[in-house]
């Protein structure tokens, strides 16, 4: 309240007190003038006390408002200070980066060599596999694959060739151009640079096991292992949210072997780990490029039962992924269900290590609805894949303890997502949509296509 407002209030209760002192003796003669004066004084003092109380309350309210305003200003100043500190750190980082870039090309090349050597160590498992499979050509094979996957920059004073692209992801180096028979690094986002794989669907016809093995070995040695991607869509919108990565091995004419042709032979000859190594490195390169281009796409990377049970490979694999933990939001590892269910203690520990790094898992090759969802979710398995035919057959001829109509509810309760693969026709999709499945995969949504990891 203003000063004049207080004067007005004092004037009012002073007049009220005077009126009481003078008016009451006139109205009630028996009171007398002395008693009237006393009552007037009581009215004046009481009014003054009330005035003081209300004035103090108003002052306290004003002080509280002012204090709140000061606190808000202090919070704003703290936020501004934090922002200035962050910007200062960014500027320091930029200055440091400029200083580092100002060093000689020789020093930069040495750093690149060190990072390459760190990643090439993971190829030790592949070296042993190829050495056991074909000793006479092991050294050449390892050299070719190592050069293809992780090229070592030269120590010359001149700048590196323009076709070498470095990805600023924890010192990781991605591959340069490797000719017409392999993938290369380019500026185009990886998902936008998909091309169809020639002769992919049926594979190469009329081959015996020896011929397939020769193509397999030669493909690994000459780096004719391609990464192909098949979309996984969200239903019912059919929005592409994931891609599953596969390998295709080409012969010298460019024709492809499909996994159904070579996987059994590769397992028998001990080459599955080598193939998984190549798939893993290509997936890591692809996810790095995807993250750098700000694309929110997930990639399923298949790890075979043979590699999952290979303690040496899987130990190196976990160590390698620990150095690439920032890829976890976009990289999902997929394992065969039978191998996961029958896992031993070592596999259990390796899965826990990967889960602790933030990676999520998926299982495929599930042949029955009778699966242990609680065990899977405990080990960070987020996705379960079923063949479309299995679910549709279960609708017609129920055999499991869970009704097909309830399978989605069970998965939701466990926090897992259902992916139905091998969806080939629209009638199949219509029948499956009644089950409220999360995601679909199959030729209906897109065939596997060659990924240019560029």
Legend entry - Residues located in region 189-232, provided they are touching a helix residue (DSSP H, G or I) at 6+ places or on another chain (Cβ under 9 Å), farther than 16 Å from residue 263 by Cβ and modelled with pLDDT under 70: 189, 190, 191
Inset, instruction - Go through region 396-425 residue by residue and tally those that are within 18 Å of residue 230 (Cβ to Cβ) and out of contact with any strand residue (DSSP E or B) (no Cβ under 9 Å at 6 or more places or on another chain). - result: 2
Inset, instruction - Evaluate the following for residue 286: is it without any contact (Cβ under 8 Å) to a residue 60 or more places away in the chain and in a helix (DSSP H, G or I)? - result: no
Inset, instruction - State all residues of region 212-255 that are more than 23 Å from residue 444 (Cα to Cα) and in a strand (DSSP E or B); if no residue qualifies, say none. - result: 225, 249, 250
Inset, instruction - Evaluate region 361-368: report whether one residue or more is at pLDDT below 85, farther than 30 Å from residue 225 by Cα and part of a loop (DSSP other than H, G, I, E, B). - result: yes
Inset, instruction - Say whether the condition of being exposed (fewer than 13 other Cβ atoms within 10 Å of the Cβ) and either outside the structural domain of residue 433 (by TED's automatic domain parsing) or under 22 Å from residue 320 (Cβ atoms) (or both) is met by at least one residue in region 353-360. - result: yes
Legend entry - Checking residue 273 against (1) over 28 Å from residue 346 (Cβ atoms); (2) crowded, with 20+ Cβ neighbours inside 10 Å, the condition it does not meet: (1)
Inset, instruction - For residue 327, state whether it is in contact with a helix residue (DSSP H, G or I) (Cβ under 6 Å, 6 or more places away or on another chain), part of a helix (DSSP H, G or I) and either under 21 Å from residue 280 (Cα atoms) or not assigned by TED's automatic domain parsing to the domain that holds residue 291 (or both). - result: yes
Legend entry - Condition broken by residue 314, with the remaining ones in (1) crowded, with 18+ Cβ neighbours inside 10 Å; (2) within 21 Å of residue 226 (Cα to Cα); (3) modelled with pLDDT under 85 satisfied: (2)
Inset, instruction - Select from region 369-389 the residues that are assigned to a helix (DSSP H, G or I) and either surrounded by fewer than 19 Cβ atoms within 10 Å (Cβ to Cβ) or not assigned by TED's automatic domain parsing to the domain that holds residue 416 (or both) and write down the one among them that is farthest from the chain's Cα centre (by Cα). - result: 389
Legend entry - From the options 76, 30, 87, residue that is modelled with pLDDT under 80, over 30 Å from residue 320 (Cβ atoms) and in a loop (DSSP other than H, G, I, E, B): 30
Inset, instruction - State all residues of region 439-449 that are surrounded by fewer than 19 Cβ atoms within 10 Å (Cβ to Cβ), touching a residue at least 40 places away in the same chain (Cβ under 8 Å) and either assigned to a loop (DSSP other than H, G, I, E, B) or in contact with a helix residue (DSSP H, G or I) (Cβ under 9 Å, 6 or more places away or on another chain) (or both); if no residue qualifies, say none. - result: 445, 446, 447
Inset, instruction - May I ask you to verify whether residue 340 is assigned by TED's automatic domain parsing to the domain that holds residue 289 and crowded, with 21+ Cβ neighbours inside 10 Å? - result: yes
Legend entry - Options 311, 282: the member that is over 19 Å from residue 419 (Cβ atoms) and touching a strand residue (DSSP E or B) at 6+ places or on another chain (Cβ under 8 Å): 282
Legend entry - Of residues in region 293-311 being assigned to a loop (DSSP other than H, G, I, E, B) and at negative phi, the one surrounded by the fewest Cβ atoms within 10 Å (Cβ to Cβ): 296
Inset, instruction - Determine whether residue 442 is closer than 30 Å to residue 224 by Cβ, in contact with a strand residue (DSSP E or B) (Cβ under 8 Å, 6 or more places away or on another chain) and modelled with pLDDT of 85 or more. - result: yes
Inset, instruction - Evaluate the following for residue 261: is it part of a helix (DSSP H, G or I), at pLDDT 85 or above and either over 21 Å from residue 443 (Cβ atoms) or touching a helix residue (DSSP H, G or I) at 6+ places or on another chain (Cβ under 7 Å) (or both)? - result: no
Legend entry - Among (1) more than 29 Å from the chain's Cα centre (by Cα); (2) surrounded by fewer than 17 Cβ atoms within 10 Å (Cβ to Cβ); (3) over 22 Å from residue 421 (Cα atoms) - the single one residue 266 does not satisfy: (2)
Inset, instruction - Identify all residues within region 391-411 that are surrounded by fewer than 18 Cβ atoms within 10 Å (Cβ to Cβ) and within 17 Å of residue 363 (Cβ to Cβ); write none if there are none. - result: 400, 402, 408, 410
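The values are calculated or read from the model by the stated rules, or taken from the named source; none is laboratory data. Everything quoted here is computed from the prediction, not taken from an experiment. Glycine gets a Cβ as well: all are built from the backbone with ideal geometry, and neighbour counts include every protein chain shown.
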